[in-house]
């Protein structure tokens, strides 16, 4: 009984920390025992704490922040100002514990991948039949890939969801740690950080400029990461700057289908296929109005995101008309079975 009490108390403590003061969140060391049956096993009562990850062979590093996981209400209520129909109905979901990047991925990190030719050895968790797969890299874009938005300390832009997934596969091999894109549910859980309001700081859109780069203050440019206030978990730019890829395919009726099941959804997701479109991007960007930066706001990619690409066939790596989309990496404590060693299925022959 004492062991059960300790586990419940620790989990409660973890969730309270998630919605605690911003000043404390950025230096949080959270002890979060996993008490969900589907997450028990090899990692019994792991210690979740923030950490720095150095990319081997470089001086580049990034910080990962713990997210306790648990249950939350996903989507927005009918009464939320600026709400779109694809954000509902609100439905309860449960996600496992994970780490997520404190900042959006920068060119400093991405350049280590796409400008190199190394072939890191397979990661320990890769399936035997996949260990021989070579890491692929983006072909050179037809123009400056930053499109004048800045490089050092700035978020990666214009990359496809396929590029984002391949970067994560390279990073996983390079570090020996399982990094990937977040599921849509994981992303919203991290963005909300325990809150139930339209934004992680409250409901007032007039305060968005304190937390985000958006149409009203960006001067039509993405900005260096981490210059605005973080959310309660200590995550920067979850609202605005660049939208962030999730692993899921987008569907306007996804939530309706999920809610119709009438049960608690554990780690919900829509597995990506060989189709190039449409995939989920979250958080809004420097080019969007405040309402598109809400925690529940969803957007699906489409062919207009590469309409300026003069190549035939058009690149599967770069979205030359999407100067507003980038990514943020996730590391699950225990991987979702459907995502174990998942590789992008997109190829040059893929349809839209």
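The values are calculated or read from the model by the stated rules, or taken from the named source; none is laboratory data. Just so it is clear, the structure is predicted and the values come from calculations on it, not from any experiment. In this analysis, Cβ positions are derived from the backbone assuming ideal geometry, glycine residues included, and neighbour counts consider all displayed protein chains.
Going by what's in this entry, would residue 56 be described as at pLDDT 95 or above, touching a helix residue (DSSP H, G or I) at 6+ places or on another chain (Cβ under 6 Å) and assigned to a loop (DSSP other than H, G, I, E, B)? Yes.
Considering region 105-223, the qualifying helices (runs of 4 or more DSSP H), each wholly inside and each with 2 or more residues that are within 21 Å of residue 61 (Cβ to Cβ), within 17 Å of the chain's Cα centre (by Cα) and touching a residue at least 12 places away in the same chain (Cβ under 8 Å), run over 107-114, 161-175. Buried (at least 20 other Cβ atoms within 10 Å of the Cβ), farther than 19 Å from residue 337 by Cα and at pLDDT 95 or above: does that describe residue 212? When the stated conditions are applied, residue 212 passes them. Within region 66-86, the only residue that satisfies the criterion of being touching a strand residue (DSSP E or B) at 6+ places or on another chain (Cβ under 6 Å) and part of a helix (DSSP H, G or I) is 86. Note on region 87-102: residues that are assigned to a loop (DSSP other than H, G, I, E, B) and farther than 22 Å from residue 244 by Cα amount to 1.
Condition check for residue 78 on (1) surrounded by 14 or more Cβ atoms within 10 Å (Cβ to Cβ); (2) at pLDDT 95 or above: one failure, at (1). Out of 139, 183, 106, 117, one residue alone is at pLDDT 95 or above and farther than 21 Å from residue 248 by Cα. It is 106.
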